[in-house]
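The values are calculated or read from the model by the stated rules, or taken from the named source; none is laboratory data. Remember, predicted model here, so these are calculated numbers, not experimental data. The area values use the complete protein model at the heavy-atom level, side chains included, leaving out ligands, DNA and RNA. Shrake-Rupley method; radii C 1.70, N 1.55, O 1.52, S 1.80 Å.
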Amino acid sequence: MKNHELNSRRTFLRSLGMGASALSLPLLGHADNLSYQSEYERIQSLFTEPDGSNLFQPGKKLGIALVGLGYYSANLLAPALQQTQNCRLAGIVTGTPSKADEWMKKYNIPKENVYDYKTFDRIADNKDIDVVYVVLPNSMHEEYVVRAAQAGKHVICEKPMAITPKACQNMIDACKKANKQLAIGYRLHYEPFTQEVMRLGREKVFGAVKFVESSDGFRSGDPNQWRLKKSMAGGGPLMDVGIYAVQGARYVTGEEPISVTAQFGPKTDPVKFKDVEETMFWQFEFPSGAVSNSTTSYISGVERLYASCEKGWFELSPAFGYGPLKGRTSKGPIEMPVVNHQAAHMDGVCKDLLDGKKLPDHITGEEGLRDTRLLQAIYQAAETGKKINLKA
Ligand code: NAD
């Protein structure tokens, strides 16, 4: 079946707010009437796959398989998947057998939904798994997103999408070729305080945004972690959390930067930071004339998004962590519901997948590619000491 046919069936059904079984009920009562019987069969055929399985079940949750059971999967994603409405934890991919045992017990995951990195591709045959969520070190995202798409699964990939724009493009191409959708782990795009500052900036509620301060950093621990190895992380704090500051400046202005200047901070611990930057600063100019100034660091905490506008200001602080976030404007506090970021993100993405809708641009691989290009330009600006022109 072609994807657009599938999508229109999905859209049609969900617009009715019911699945095939619900639709069949009133029709069954008239089974003796031939015209009703043939209509019943026609409608059923719309929802039945060649193997006899029924596509639409009311309340269906998409099955997610987490690839990589490190900190983020174990502490944030798996617990969030106990709260989600549109998806559930259906499978795991891990290279550590003891973790597999622990997760199977803890989350009631059947053995046939557990894979390691060698058996991963067999996930193609697993109907329980609709979406593969890649939560590996940054340099491994490309390989596992491509393999997941080739296995015929939708994919969510953690940020930063990849360590080079070329890798991002390969991931986008692989998903397109497989007719599957690719979302990036931009959890804040489904978070109400963040959505509110996006609105305040883009709708010019305090007039045009003139100046943005957008910074994210923390004190990193273990000196042997992959985050300090350029080959695995692609860089230091800029790749890891500086990306939130890049996003923040883009989403409150609603504009794409036209130039960047950047500077490396000092290395106060040159042994620990022999491979990647310790601290970094950068400045974007936007087409409207707005400018942003940002800091990222692995040496000390900073987490703030502030916008100075023609007729006032607004800010989030904390702005990028797991919450609760907190916001203020020149007119008073920002009051919004506090949500679980990871649950809201996965539910939001999976709702669109269930509805057969194209994911919104701001959550797709194209958005991940835009950010990866900007991260590269920031490094280039700091390395050359020159202003880098970002106009196409
Ligand atoms: P982590 O080091 O805690 O976990 C990484 C996992 O990858 C581990 O289970 C590890 O065993 C596995 N792995 C497989 N092959 C590996 C290899 N060759 N080297 C190292 N580890 C290997 O990392 P994490 O904090 O869970 O981060 C994973 C990804 O999630 C990163 O891309 C990170 O940027 C992203 N992340 C996103 C958020 C967010 O808020 N969206 C938060 C944290 C992490």
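For Ser259, nonlocal amide neighbours, meaning residues 5 or more places apart or on other chains whose placed amide H falls under 5 Å from its own, are Glu285, Leu390. For Glu158, the residues whose amide H sits under 5 Å from its own are Val134, Leu136, Gly185, ignoring neighbours fewer than 5 places away on the same chain, with H placed 1.01 Å from N. Of the solvent-accessible surface of the range 62-187, computed with a 1.4 Å probe over protein heavy atoms with every protein chain present, carbon and sulfur atoms account for 49 percent. Applied to the range 162-173, the Karplus parametrisation 6.51 cos²θ - 1.76 cosθ + 1.60 on θ = phi - 60° returns per-residue 3J(HN,Hα) values of 6, 9, 9, x, 4, 5, 4, 4, 4, 5, 4, 5 Hz, with x for Gly and Pro. Summarising the amide proton neighbourhood of Thr364: residues at separation of 5 or more, or on other chains, whose placed amide H is nearer than 5 Å comprise Ile184.
Of the solvent-accessible surface of the range 327-391, computed with a 1.4 Å probe and all protein chains present, 51% belongs to carbon and sulfur.
Across 5 Å bins from 0, what is the distribution of all Cα-Cα pair distances for the range 96-253, in whole percents? The distribution over the range 96-253 is 2, 8, 13, 15, 16, 16, 14, 9, 4, 2, 1, 0, given as percents.
Each residue of the range 332-346 was assigned a 3J(HN,Hα) from its phi angle through the Karplus curve 6.51 cos²θ - 1.76 cosθ + 1.60 (θ = phi - 60°); the sequence is x, x, 8, 9, 9, x, 8, 10, 6, 4, 5, 5, 4, 5, 5 Hz, with glycine and proline shown as x. Annotation: per residue accessible area for the range 127-223 equals 37 Å², rounded to a whole number [probe 1.4 Å, protein chains only]. For the range 185-198, putting each phi into the Karplus relation 6.51 cos²θ - 1.76 cosθ + 1.60 with θ = phi - 60° gives couplings of x, 7, 4, 5, 5, 10, 9, x, 5, 5, 4, 5, 5, 4 Hz, in residue order, rounded to whole numbers and with x for Gly and Pro.
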